[in-house]
Amino acid sequence: MNLTVFLPALLKGALVTLEATLLSAAVALVVSVVVGLVRLSRFRLLRGAALVYVEIFRGTSALVQLFYFFFVLPIFGIDLSPMAAGVIALGLNFGSYGSEVVRAAVLNVPRGQHEAAVALNYPPGLAMRRIIFPQALAAMLPPFGNLLIDLLKATSLLSLITIGDLTFAGKSLVQSQGHVTAIYTLVLVFYFVMALMLGRLMQAAERRVPGATAGGGR
Amino acid sequence: MGADPRQPILRMQGVSKSYGAVQILRGIDLDVEAGQRIALIGPSGSGKTTLLRLVMTLETPEDGTIEVEGELLGLRRVGDRLVKDSGAHLRSVRGKIGMVFQHFNLFPHMSALQNIMDGPVHVRGLSKDQARERALDLLAKVGLRNKADSLPRQLSGGQQQRVAIARALAMEPKIMLFDEITSALDPELVGEVLAIVRELAHETGMTMLIVTHEMGFAREVANRVLFMEGGHIVEDGEPEQVFGNPRSDRTKAFLGAVLHR
Ligand SMILES: Nc1ncnc2c1ncn2[C@@H]1O[C@H](COP(=O)(O)OP(=O)(O)OP(=O)(O)O)[C@@H](O)[C@H]1O
Ligand SMILES: [Mg+2]
């Protein structure tokens with residue numbers, strides 16, 4: 001067993017995993033907010049389209065979605081790099097869950113807050129930006145934290161579309177060096193440490209967002 | 001528009017409202033003159049809150065119209081039909097109305113000062129400096145100059161309600177609606193909030209619609225009293241007359257019950 005070979009290889013894979021996680025999270029975050037708000041829109045057609053998206057991406061396998069973006073889209077002339085296909089697929093997949101988090105958190109802001117905004121003559125968009133969304137944010141962060149860690153683990157799927165992530169690095173090492181137990185244990189430890197770090201990051205974010213809602217009226 | 005000094009500042013014509021099958025307001029006709037301070041009294045469920053909420057556009061009437069200084073509120077005339085209004089016109093009319101709620105409804109993520117400044121800056125387009133100066137004046141007026149940076153949850157109920165009054169005033173409405181603004185407060189905090197409204201009444205001559213169960217306060221602050229029951233305005237008169245010599249037996253019975261409790 002040769003740690004000086006294993007560790008650099010795994011570390012390199014871990015960086016790719018981290019990159020994929022953060023890029024997918026950025027896509028998922030934007031999708032979550034946009035789709036979550038569109039689901040609450042006044043316009044029925046927009047609401048319907050957003051619901052269809054959510055149902056499709058929640059209701060089908062993430063792995064198959066990934067294969068779709070990587071293997072099927074090129075047939076229609078859309079050629080994505082492995083990382084681009086992976087980030088888009090995971091971003092859209094997790095965005096469908098995230099949009100439900102956003103929707104629920106926004107719906108949970110007490111009615112009195114909307115009414116105060118009307119009484120102060122805020123236009124709807126401004127009320128959402130200044131009053132409703134900032135309060136909903138506090139409720140979104142814990143479930144977003146869970147999704148982020150799920151996303152980290154889900155990036156291991158990317159090893160199946162030729163991306164050299166942590167899982168891929170582990171698999172390659174096992175193929176070339178053996179030591180199945182040692183290597184896969186190390187891979188688990190790497191994932192675990194990264195999950196721990198992301199968890200801490202989210203906790204820090206939660207502390208910076210005021211806890212909202214207390215005394216907000218109904 | 002607004003030129004005729006005799007034009008009522010608020011006019012409700014045949015306004016009805018139901019929740020499901022239950023009719024709450026039954027064809028309310030009401031003209032309010034500028035400077036009137038109207039106390040709305042009546043038994044629980046008589047429709048007092050609903051009336052205020054309609055004027056604030058928090059509810060839509062299924063029948064009738066509401067006009068502010070001669071302009072339709074929440075409705076727009078298209079040909080000879082009335083359609084729901086939104087956008088700039090709605091806001092130009094609604095901006096003349098402000099409301100203070102029973103449960104304050106302060107924004108919990110903003111300090112007292114930010115609660116008061118946010119609307120003036122983002123809705124009315126004042127500069128931050130102007131809005132801050134004005135907000136600090138208003139905080140001083142409600143006796144909370146030293147609480148500018150407190151979050152709502154760090155304030156007592158009475159203090160929160162005083163901030164809420166300052167917040168509504170910062171938008172410079174012409175008509176203020178108060179819906180039982182002291183009924184969520186501990187008894188010892190009621191006085192400080194009523195004192196603010198009393199002062200406002202005597203200093204500004206602002207038009208007010210005040211829903212209250214505090215009959216002493218109603219009698220003292222209002223210059224017109226409406227008694228509501230079952231979705232109707234049953235009695236409408238000066239405080240002396242309504243409290244001292246009610247015309248309707250129903251008003252008499254209600255006042256008898258609340259005053260001699
Ligand atoms: N959103 C709603 N849905 C259904 N019914 C409602 C709703 N809002 C109010 N009501 C009903 O309408 C009736 C009149 O309500 P309203 O709040 O206007 O009375 P009120 O005169 O303000 O009474 P109170 O003195 O108790 O505040 C009540 O019976 C109430 O239960
Ligand atoms: Mg009421």
Checklist entry - So what's the angle, to the nearest 10 degrees on a 0 to 90 scale, between helix A:44-59 and the longest Cα principal axis of chain A? => result 30
Checklist entry - Straight-line reach from B:K17: which lysines have a Cα under 17 Å away, not including same-chain ones fewer than 8 places off? => result B:K48, B:K84
Item to check | chain B, dipole about Cα centre (Lys/Arg Cβ +1, Asp/Glu Cβ -1), debye to the nearest 20 | outcome: 500
Checklist entry - So which residue, out of B:L155, B:L52, B:L136, gets the largest mean-square fluctuation from a GNM of chain B using Cα contacts under 10 Å as springs? => result B:L155
Checklist outcome for this item: Cα-Cα pairs in chain A separated by more than 32 Å, as a whole percent of all pairs, come to 31
Next on the checklist: Relative contact order of chain B, please, whole-number percent, based on alpha carbon pairs below 8 angstrom and at least 6 residues apart.
Outcome noted: 24
Checklist outcome for this item: Interchain or sequence-distant (5+) residues whose placed amide H lies within less than 5 Å of the amide H of B:T207 are B:G35, B:M176
Item to check | Area hidden from solvent between B and A (accessible, protein heavy atoms only, 1.4 Å, total, Å²) | outcome: 2300
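Would you kindly calculate the translational diffusion coefficient of segment B:1-85, applying Stokes-Einstein with the Kirkwood radius from alpha carbon pairs, for 25 °C and a viscosity of 0.890 mPa s, and quote it in µm² s⁻¹ without decimals?
179
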Checklist entry - Looking at A:V64, A:F192, A:M140, which one has the Cα that reaches farthest to the positive end of the dipole of segment A:64-209 (charges on Cβ: Lys, Arg +1; Asp, Glu -1)? => result A:M140
Checklist entry - Mean residue ellipticity at 222 nm from the helices of the protein assembly as shown, using -39,500 (n - 2.57) per DSSP H segment of n ≥ 4 over the full residue count, to the nearest 500 deg cm²/dmol? => result -17500 deg cm²/dmol
Next on the checklist: Cut-off 10 angstrom, C-alpha nodes, Gaussian network model of chain A. Which of A:M194, A:M140, A:M128 fluctuates the most?
Outcome noted: A:M128
Next on the checklist: A drop of at least 50 square angstrom in accessible area, chain alone versus all protein chains together, probe 1.4 Å. Which residues of segment A:118-150 meet that?
Outcome noted: A:V118, A:A119, A:L120, A:N121, A:Y122, A:R130
Item to check | Residues along segment B:138-153 losing 50 Å² or more of accessible surface when the other protein chains are present rather than the chain by itself (probe 1.4 Å) | outcome: B:R153
Checklist outcome for this item: Relative contact order in percent for segment A:19-163 (Cα pairs under 8 Å, 6+ apart) equals 35
Item to check | Surface accessible to a 1.4 Å probe, per residue, for the residues of chain B, Å² | outcome: 44
Checklist entry - Taking only Cα atoms, what is the 0 to 90° angle, nearest 10, from helix A:133-154's long axis to the longest principal axis of chain A? => result 20
Item to check | Förster radius 35 Å - calculated FRET efficiency between A:L45 and A:R200 (Cβ-Cβ, nearest 0.05) | outcome: 0.25
Checklist entry - What whole-number value in Å² describes the accessible area per residue of segment A:19-163 for a 1.4 Å probe? => result 46
Checklist entry - Among the residues of segment B:97-130, which ones have their accessible area go down by 50 Å² or more when all the protein chains sit together, as opposed to their chain alone (1.4 Å probe)? => result B:H103, B:N105, B:F107, B:P108, B:H109, B:H122, B:V123
Item to check | Reachable lysines from B:K174, criterion Cα separation under 16 angstrom, eight or more residues apart if same chain | outcome: B:K96
Checklist entry - Per the 1.4 Å probe, what fraction of the accessible area of the protein assembly as shown, in percent, lies on carbon and sulfur atoms? => result 57
Item to check | D (Stokes-Einstein, µm²/s), Kirkwood Cα radius, the protein assembly as shown, 1.002 mPa s at 20 °C | outcome: 82
Checklist entry - Anyone know which of A:T21, A:T155, A:T185 comes out most mobile in the 10 Å Cα GNM of chain A? => result A:T185
Checklist entry - Equivalent-ellipsoid semi-axes (√(5λ), Cα gyration tensor) for chain B, whole Å, largest first? => result 29, 25, 16
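The values are calculated or read from the model by the stated rules, or taken from the named source; none is laboratory data. What you see is a predicted model; the values in this text were computed from it and never measured. Positions of Cβ are generated from backbone atoms using ideal geometry, with glycine treated the same way; all protein chains shown enter the neighbour counts. Protein only, heavy atoms only, side chains kept; ligands, DNA and RNA dropped before computing areas. Shrake-Rupley method; radii C 1.70, N 1.55, O 1.52, S 1.80 Å.
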